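Each value in this text was obtained by applying a stated rule to the coordinates, not by laboratory testing. A quick note: this is a predicted structure, and the numbers were derived from the prediction, not measured. Note that we place each Cβ from the backbone using ideal geometry, even for glycine, and neighbour counts take in every protein chain shown.
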Amino acid sequence: MTPTRIPQPIAEAAIAMLRPYAPDLTIEKLEAALFQKTPPNLPDKLLTRKEAAKLLNVSIPTIDRMLRDGELPHRHIRRAVRITLSAVNLLTENKG
């Protein structure tokens, strides 16, 4: 399916129906969700070490080494380590 613009009346009706569940929904966000585009102002998805290892096709100990050596930016949420999807994507782009 080729992404196209949603007709204004349909988009406004959809937003009106969804307003109780998503008060900050806009036509741009609706189209981004429907056509799987990521709006620039959305927070990056956080991955577990296991998810990052699977995407990078490496082992969890390799992920731990990359975290320890500063090769892979990460965040601590309480005691859990989370890696941003953009950091993983950046590594895959630099790899290939």
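Numbers at a glance
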quantity	calculated
The chain - charge dipole about Cα centre, Lys and Arg +1 at Cβ, Asp and Glu -1, debye rounded to 20	460
Rounded to 10°, Cα long-axis angle of helix 8-18 versus longest principal axis of the chain	70
Within-15-Å neighbourhood charge of Glu51 [Cβ basis; K, R +1; D, E -1]	+4
Long-range lysine pairs (8 or more apart or interchain), the chain, Cα under 21 Å	7
Under the Karplus curve 6.51 cos²θ - 1.76 cosθ + 1.60, θ = phi - 60°, whole-Hz ³J(HN,Hα) for the range 57-68, x wherever Gly or Pro sits	6, 10, 7, 5, x, 5, 4, 4, 5, 4, 5, 4
Sequence of Ile15, Ile60 once ranked by neighbouring C-beta atoms within 10 Å, starting from the fewest	Ile60, Ile15
Whole-number percent relative contact order across the chain, with pairs defined as alpha carbons under 8 Å at least 6 apart	21
Helical contribution to [θ] at 222 nm, DSSP H n ≥ 4, -39,500 (n - 2.57), averaged over the chain, rounded to 500	-14000 deg cm²/dmol
